[in-house]
């Protein structure tokens, strides 16, 4: 009897955890969204679950598909921030320090992987005088 109870409890707990809304790593605190284009926010939840996104004093809703995939397209916004965003389904996620501005995609080889910490002695003055909290790196 004890084994059946523990097994049932495990299955119930796993099902509850699987039903929670989840986000990709790109959609997180301190993210930056591209200005002047519709903003796509997406993630995963339980199948057919209702998902609501609250952003800039407006609410947007959708329903996940049979596999739990969902996406909400927010209207284009001007540059600004920092803002907050609340995502709600069977759980709630609050994101903070969101900026809207220009998103740049850079590519390359090893030069794109260079950590600024490696250059802290060579460019100490530039690093010490850098004052732009609006620059984000993912």
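The values are calculated or read from the model by the stated rules, or taken from the named source; none is laboratory data. None of these values were measured; they are calculated from a predicted model. We place every Cβ from the backbone using ideal geometry, glycine too, and count neighbours over all the protein chains shown.
Scanning region 75-82 turns up no residue that is within 14 Å of the chain's Cα centre (by Cα) and exposed (fewer than 14 other Cβ atoms within 10 Å of the Cβ). Of all residues in region 84-102, those being within 17 Å of residue 35 (Cβ to Cβ), within 14 Å of the chain's Cα centre (by Cα) and buried (at least 16 other Cβ atoms within 10 Å of the Cβ) number 4.
The conditions of being over 25 Å from residue 134 (Cα atoms), modelled with pLDDT of 95 or more and surrounded by 15 or more Cβ atoms within 10 Å (Cβ to Cβ) are not met by residue 47.
Just one of (1) without any contact (Cβ under 8 Å) to a residue 24 or more places away in the chain; (2) closer than 18 Å to residue 25 by Cα fails for residue 116. It is (2).
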